[in-house]
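The values are calculated or read from the model by the stated rules, or taken from the named source; none is laboratory data. Given the structure is predicted, the values throughout are model-derived calculations rather than measurements. Because the Cβ atoms are built from the backbone with ideal geometry, glycine has one as well, and the counts that use them run over all protein chains shown. These area figures cover heavy atoms from the full protein model, side chains too; ligands, DNA and RNA do not enter into them. Shrake-Rupley method; radii C 1.70, N 1.55, O 1.52, S 1.80 Å.
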Amino acid sequence: MNNTASTDGYGIAGRNGTHIVPAGKDWDAVRVSRFIGLQALERLGTAAGPVLVDPAARSMYFLVPAGGTCTWDVPETKALGESAHIAMPPRGRKSPPGPFWLVGPQRPLASTTVLRQALLEAQGPRTTLPLVLERLTLDQIRGWNCALCNARLHADRSLGVFSTGHGVLADPTELWACAPACRTATRTEH
């Protein structure tokens with residue numbers, strides 16, 4: 001098995017040297033929003049393998065060993081294995097237009113386990129409290145007010161990263177709550 005990202009020799013050529021390449025042969029990919037991906041990349045440091053950015057989709061792709069994503073279960077991410085394809089930039093492209101390498105393909109593939117941990121840490125702790133995402137106000141989404149009780153935040157704690165896939169929470173967004181705990185047990189109705 002190859003330990004680096006193969007970018008040559010197969011795939012469908014696109015504009016600017018970009019190729020549509022099948023995953024699952026030499027590597028799998030994990031697609032994530034740039035917001036979470038950049039935080040995970042910072043946590044990975046030198047353990048990061050090849051990472052490419054698709055500006056049009058506002059996504060990042062971390063390349064991991066082939067077969068490494070078959071049991072992938074990290075929220076707010078998408079595992080891309082045997083049945084998936086990605087738009088892969090030429091080896092030397094380090095900026096737009098089109099997809100580009102944030103960490104080049106010459107790097108060894110990232111460990112799936114290490115990437116999983118970095119992504120979970122980047123997303124922050126998950127809350128088990130009832131949270132109706134569709135009913136949040138813009139002040140709650142922006143982090144000015146508590147996402148649970150709607151009080152103005154002076155001291156806060158992260159509830160984690162949430163997304164509805166549509167509307168103002170279409171992209172993963174970190175939500176905040178009162179620290180150490182809310183004044184009231186229930187969230188104010190709007």
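Taking a cut-off of 14 Å, what percent of all Cα-Cα pairs in the range 37-120 are separated by more than that? The proportion of pairs with Cα distances above 14 Å equals 61 percent.
Taking only alpha carbon atoms, the range 76-154 gives an Rg to Rh ratio of 1.13, where Rh is the Kirkwood radius.
Take every Cα pair under 8 Å whose residues are at least 6 apart in sequence, average their separation, divide by the length of the range 90-160, and the relative contact order is 22 percent.
To put it simply, the accessible area of the range 48-159 at a 1.4 Å probe is 53 percent carbon and sulfur. Comparing Gln117, Gly160, Pro105 along the charge dipole axis of the range 62-184, the residue lying farthest to the positive side is Pro105, per the Cβ-charge model. A simple packing score, the average count of other Cβ atoms within 10 Å per residue, orders the peptides 152-162, 35-45 as 35-45, 152-162, with the highest score first. Solvent-accessible surface of protein heavy atoms, probed at 1.4 angstrom with all chains present, puts Glu82, Glu174, Glu134, Glu121 in the order Glu82, Glu134, Glu121, Glu174, largest first.
When you count the other C-beta atoms within 10 angstrom of each residue and take the mean per peptide, 164-172, 51-59 line up highest first as 51-59, 164-172. Multiplying the residue separation of Glu82 and Thr137 by 0.36 nm and removing their Cα-Cα distance gives an extension gain of 15.7 nm. Among Leu102, Leu175, the sequence by solvent-accessible area, most first, with a 1.4 Å probe is Leu102, Leu175. Here each label is just a point 7 Å from Cα along the line to Cβ, and for Asp73 and Arg91 those points are 3.9 nm apart.
Roughly how many Å is it from the Cα centre of the range 38-66 to that of the range 80-98, as a whole number? One Cα centre to the other: 11 Å.
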